[in-house]
Amino acid sequence: GFLITISELANRMSVKKNKVVEIITQLELNNISNDILDQETAQLISEEMGYKVILHLDNKTEFLLLKNRNINHIQKILPRAPIVTIMGHVDHGKTSLLDKICSTKVVNQEFGGITQHIGAYSVFTKNGKIIFIDTPGHSAFTAMRARGAQITDIIILVIAVDDGVMPQTIEAIKHAFLAKVPIIVAINKIDKSENNINHIKKDLLKYEIISEDFGGETMFIPVSAKTGKGLKNLLQAILLQAEMLELKSDYEGMATGVVIESFLDKGYGPTVSIIILEGCLKKGDVCICGMEYGKIRVIHNENRQEITKASPSMPVLIYGLSGLPRTGEKLIVVKNEKKAREVSIYRKFKLREKEFLSKKQKNIENLFQNL
Ligand code: GDP
Ligand code: MG
């Protein structure tokens, strides 16, 4: 392998040196000295930054050719399905709404979902597919944001018509604003009454959620999770919003994704459900995922059928990671298994060090308290 300076690496990617340093810190590779990177480290960093690395042998010298994954000629940019999170105050009907959307298949052939639990559901409508994230809204959203992950394209804000705007409604609005994710308001429980809808619209004005009939851009869809009324309109609204967002991803490059859930399966070992953000995830790919790494042995779709490839917005289960990454952890495919292992070990070490230090700190505090 060869050596390259941080500045030179930044140059070849046409990014600022700071950006590279940021990634080095993020990857916790702070054991780098003298600004000089070895080949594997340089490769890891550039891959993390979304570059495709091509090694060239030229006059017996190895060169690192970097290509932005996003401008690669083999790239295939195509629309992808919107990823939706349902949020709102407790008991306003989040779970009921998702259940109804996913089970309506039986009642109404026009759309239907799949009910295998992997933390996300695909719902097929005749106008396109929608992915619903089914993790307890707020906590998962916070966990994702804490790790810099963003997988939600649209937030459905559920408000029960008979209860109106409540504390967790406002909290959800804050989440949406911080993450810059558009909101569609679903006024639920309209089987009880429809009287309060205008009042809710007025209430939301002070949070800058302005309905279309008030001159704003937010869609308000009256629904009933109980009777199913309005659900078709809600799905329509989601697809309309998605169209405006022009959601697109590369379907060919090395994949990136975000962890929704992870658990230990008796037969398969560490099992991780992820949503693909970019690229094509293939069986046999090596990836880093938080503190874990591994070669993907098996990919399952949400029906638990084995597949060999997964494309953007698809929720899949993967097997083969060294352990259980946390919700919101990023998955990135890399070429180099050895480096993936090193990063994993290093990240684990760093975490243990942090835990040890905070424990030590607590012990000292306790000691003083007991004096
Ligand atoms: P979550 O806490 O937001 O997930 O709310 P749930 O889905 O658990 O619903 C809370 C309660 O409201 C349950 O008793 C539901 O049966 C009821 N509920 C949900 N949606 C509707 C609806 O559209 N109409 C009526 N009448 N009740 C509903
Ligand atoms: Mg619920």
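The values are calculated or read from the model by the stated rules, or taken from the named source; none is laboratory data. All values reported here derive from a predicted model rather than from experimental measurement. Here the Cβ positions follow ideal geometry from the backbone for every residue, glycine too, while neighbour counts run over all protein chains shown.
Kindly indicate the residue of the stretch 192-201 that is in contact (Cβ under 8 Å) with a residue 12 or more places away in the chain and away from ligand 1 (no atom under 16 Å from the Cβ) and also surrounded by the fewest Cβ atoms within 10 Å (Cβ to Cβ) among those meeting that condition.
Across the stretch 192-201, the extreme among qualifying residues is H199.
When you go through (1) modelled with pLDDT under 95; (2) over 18 Å from T125 (Cα atoms) one by one for L247, which number turns out not to apply?
Condition (2) is where L247 drops out.
Residues in the stretch 234-243: is at least one assigned to a helix (DSSP H, G or I), under 16 Å from V84 (Cβ atoms), in contact (Cβ under 8 Å) with a residue 40 or more places away in the chain and touching a helix residue (DSSP H, G or I) at 6+ places or on another chain (Cβ under 9 Å)?
The answer is yes; a qualifying residue exists.
Hey, K309 hits all of (1) of a type in the set (K, R); (2) farther than 23 Å from F124 by Cα; (3) at pLDDT 95 or above but one; which does it fall short on?
Just one mismatch for K309, condition (2).
For (1) within 28 Å of G290 (Cα to Cα); (2) free of Cβ contacts under 8 Å to residues at least 40 places away in the same chain; (3) surrounded by fewer than 16 Cβ atoms within 10 Å (Cβ to Cβ), each residue gets a yes or a no:
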| residue | (1), (2), (3) |
| --- | --- |
| Y121 | yes, no, no |
| S139 | yes, yes, yes |
| M144 | yes, no, no |
| T152 | yes, no, no |
| D163 | no, no, no |
| H175 | yes, no, no |
| I183 | no, yes, no |
| I190 | no, no, no |
| S224 | no, yes, no |
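State all residues of the stretch 291-313 that are of a type outside the set (F, W, Y), surrounded by 22 or more Cβ atoms within 10 Å (Cβ to Cβ) and without any contact (Cβ under 8 Å) to a residue 60 or more places away in the chain; if no residue qualifies, say none.
Those that are of a type outside the set (F, W, Y), surrounded by 22 or more Cβ atoms within 10 Å (Cβ to Cβ) and without any contact (Cβ under 8 Å) to a residue 60 or more places away in the chain: E292, G294, I296, I299, A310.
Six or more apart or on different chains, Cβ atoms under 6 Å: show the pairs whose first residue is in the stretch 88-111 and of a type in the set (D, E, K, R) and whose second is away from ligand 1 (no atom under 13 Å from the Cβ) and modelled with pLDDT under 50.
These pairs meet every condition: K105/G112.
Can you name the residue in the stretch 1-38 that is part of a helix (DSSP H, G or I) and in contact with a strand residue (DSSP E or B) (Cβ under 7 Å, 6 or more places away or on another chain) and is also modelled with the highest pLDDT among such residues?
Step by step, filter the stretch 1-38, then rank; the result is I6.
Cβ contacts < 6 Å: first residue at pLDDT 80 or above, restricted to the stretch 338-354; second residue assigned to a helix (DSSP H, G or I) and of a type in the set (A, V, I, L, M), any location; separation 6+ or different chain. Result?
none
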